[in-house]
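The values are calculated or read from the model by the stated rules, or taken from the named source; none is laboratory data. From a predicted model like this one, the values you see are computed outputs, not experimental measurements. Every residue, glycine as well, gets a Cβ built from its backbone with ideal geometry; the counts of neighbours run over all protein chains shown.
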Amino acid sequence: MSKSIKLAILGLGTVGTGVVNLINDNLDELKRRSGCNIMISAVGTRRQRDDIDPAITQSDDLMAIAASDDVDIVIEVIGGTTLAKDIITHAIRHGKHVVTANKALLAEHGNEIFALAEENKVHVAYEAAVAGGIPIIKVMREALAANKVNWLAGIINGTGNFIMTEMRDKGRTFDDVLAEAQALGYAEADPTFDVEGIDAAHKLALLASIAFGIPLQFDKVYCEGITGITLQDVNYAEELGYRIKHVGFAVRHQDDNNIASGIELRVHPTLIPEDKLLANVNGVKNAVLVDSHPLGQTLYYGDGAGAGATASAVMADVMDLVRVLCTNEQGHHVPHLAFIPEELSDTPILDAEQMTTGYYLRVHAYDSPGVLANITRILSEAGINIDAILQKPAHKAGQVPVIILTLPVVESQMNSAIAKIEALDTITDKVVRIRLDEL
Ligand SMILES: NC(=O)C1=CN([C@@H]2O[C@H](COP(=O)(O)OP(=O)(O)OC[C@H]3O[C@@H](n4cnc5c(N)ncnc54)[C@H](O)[C@@H]3O)[C@@H](O)[C@H]2O)C=CC1
Ligand SMILES: N[C@@H](CC=O)C(=O)O
Ligand code: NA
């Protein structure tokens, strides 16, 4: 065994403990695959843990560990965007390679962190930050490196997908399933990030950057979560042959010369035909569908959250670095992006109003003659094609829910049509809209 590589694990929560357990369970595999001796030299923890090997330093001084001469790779799994940022930049400045699961930090400050890593010739690896255990960053960086990515669509929040699946299949309440997702270690410290789509938006920003070779632009991602989805909509969608999933889309628009003219970045609930693979990704599973040239469509599927899956991704990055450190004494490094060419550095992220999708509309109207005709007239005048209509029997005070599926339409057109529908005297509530994608 040629060399020893020393790891520091900062944060012993779900993921940190998962990494310690993985190393204990699979040490022989790790050594055999890397040809190196891999050891944990320090852990950063608030309280001393007696289940940790006494040979490993335990400290609550995370900044000191990050700069320690006794550490080659710093694994940041405390989460958050303040202390985690200080620790990571401190580690980079001290020449440490960094492995992190922290998508919130990278989505918000990744451009600066990757630039600092470049300057210091170290690597910041983040496989665990996107789609948990699915090796999607590795796929983008390595397996699809020769392809041009046209678009990708992914179910990239395990907690949200777990909640939607349990609600649909078992009729459980939102709060009950969320509490279970927290107990299972799937949810973010602040679960609003999961259910309001913010976590998925963080991950989409990272995916789009690596897929299209553009800077990280989390602030431009259109973001809607799952909190507005009711069981009623789930059931109506099913009657029409669709499942509702929370999906992140990154779509490259190009001009006639094949130059990127704009990029769509959006996360929101969407209807997917029930026979499509993405419609059948359930529970804590994630999946990312990538359409690239010349390969075509490929799908990546697996656990999107949880200790074991996330530790697997963290250690995949560690193994990459260990191989490099063991074979190259000069400290070879792999940049996040080799460079961002001038023409890509300011590719616009399109406004949500310019995006085109199909829609599921649920309109509540008084059961009076001509009401349906009025709605369909407004849609037709707005140039919106109806794909299906379902009129349910009146259920309260003579109100009828009318469900409409439309063909793809530009969002601004739909906004003005919905405003006109809501202005009709016969309409009793705000129109519920969920986007629909045939994928
Ligand atoms: N749980 C999951 O399935 C996944 C989590 N992640 C990311 O991994 C990171 C960690 O997530 P979890 O392990 O789930 O969170 P967690 O809350 O279970 O663990 C964080 C740990 O860090 C410790 N910590 C925080 N500040 C500290 C300090 N100053 N000194 C010492 N210890 C400190 C906390 O006490 C806690 O034990 C987050 O960035 C999260 O977004 C990424 C993919 C999946
Ligand atoms: N909270 C996240 C954890 C993994 O990234 C999720 O549920 O997907
Ligand atoms: Na991953």
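Data table
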read-out: Residues that are aliphatic (A, V, I, L, M) and within 20 Å of Ala237 (Cβ to Cβ), drawn from the stretch 356-371; value: Leu361, Val363, Ala365
read-out: Filtered residues of the stretch 357-401 (kept if under 23 Å from Arg435 (Cβ atoms), polar (S, T, N, Q) and out of contact with any helix residue (DSSP H, G or I) (no Cβ under 7 Å at 6 or more places or on another chain)); value: Thr357, Thr376, Ser380, Asn385
read-out: Residue match in the stretch 208-231 (condition: within 13 Å of ligand 1 (Cβ to nearest atom) and crowded, with 19+ Cβ neighbours inside 10 Å); value: no
read-out: So Ile78, is it within 27 Å of Glu112 (Cβ to Cβ) and assigned to a helix (DSSP H, G or I); value: no
read-out: Residue selected from the stretch 194-206 under the condition more than 14 Å from ligand 1 (Cβ to nearest atom) and more than 15 Å from Glu108 (Cβ to Cβ), by the criterion surrounded by the fewest Cβ atoms within 10 Å (Cβ to Cβ); value: Glu196
read-out: Members of the stretch 125-152 found to be more than 16 Å from ligand 2 (Cβ to nearest atom) and touching a Leu at 6+ places or on another chain (Cβ under 8 Å), listed by number; value: Met140, Leu144, Asn147, Leu152
read-out: Number of positions in the stretch 349-376 that are surrounded by 13 or more Cβ atoms within 10 Å (Cβ to Cβ), farther than 26 Å from Phe249 by Cα, of a type outside the set (Val, Ile, Thr) and out of contact with any Ser or Thr (no Cβ under 6 Å at 6 or more places or on another chain); value: 3
read-out: Matching option when the condition is more than 24 Å from Phe218 (Cβ to Cβ) and out of contact with any strand residue (DSSP E or B) (no Cβ under 8 Å at 6 or more places or on another chain), among Glu166, Glu188; value: Glu166
read-out: Residue ID - modelled with the lowest pLDDT, chosen from residues in the stretch 410-426 that are of a type outside the set (Asp, Glu) and closer than 20 Å to Tyr366 by Cβ; value: Thr426
read-out: Qualifying residue in the stretch 178-186 (condition: within 16 Å of ligand 3 (Cβ to nearest atom), buried (at least 18 other Cβ atoms within 10 Å of the Cβ) and on the phi < 0 side of the Ramachandran plot); value: yes
read-out: Residue that is surrounded by the fewest Cβ atoms within 10 Å (Cβ to Cβ), among those in the stretch 129-143 that are away from ligand 1 (no atom under 15 Å from the Cβ) and under 11 Å from Leu207 (Cβ atoms); value: Val139
read-out: Looking only at the stretch 66-108, and only at residues there that are of a type in the set (Asp, Glu) and within 15 Å of ligand 1 (Cβ to nearest atom), the one that is nearest to Ala205 (Cα to Cα); value: Glu108
read-out: Unmet criterion (only one of (1) touching a strand residue (DSSP E or B) at 6+ places or on another chain (Cβ under 9 Å); (2) in a helix (DSSP H, G or I)) for Ala153; value: (2)
read-out: Some residue of the stretch 369-385 being in a helix (DSSP H, G or I), closer than 22 Å to His246 by Cα and of a type in the set (Asp, Glu); value: no
read-out: The stretch 308-326: number of residues that are surrounded by fewer than 21 Cβ atoms within 10 Å (Cβ to Cβ) and under 14 Å from Thr100 (Cα atoms); value: 3
read-out: Output for the stretch 349-390, where each listed residue is under 31 Å from the mean Cα position of the chain (by Cα) and hydroxyl-bearing (Ser, Thr, Tyr); value: Thr356, Thr357, Tyr359, Tyr360
read-out: In the stretch 144-160, residue farthest from ligand 1 (Cβ to nearest atom) [restricted to those that are hydrophobic (A, V, I, L, M, F, W, C) and more than 16 Å from the chain's Cα centre (by Cα)]; value: Ala146
read-out: So Glu76, is it of a type in the set (Asp, Glu), at pLDDT 95 or above, crowded, with 23+ Cβ neighbours inside 10 Å and closer than 26 Å to Asp194 by Cβ; value: yes
read-out: Residue in the stretch 288-295 that is farther than 30 Å from Val177 by Cα and exposed (fewer than 14 other Cβ atoms within 10 Å of the Cβ) present; value: yes
read-out: Residue in the stretch 314-337 that is within 30 Å of Glu118 (Cβ to Cβ), within 16 Å of ligand 2 (Cβ to nearest atom), in contact with a Gly (Cβ under 8 Å, 6 or more places away or on another chain) and not in a helix (DSSP H, G or I) present; value: no
read-out: Selection within the stretch 194-245 - more than 30 Å from Phe114 (Cα to Cα), in a loop (DSSP other than H, G, I, E, B) and among the polar types (S, T, N, Q); value: Thr227, Thr230
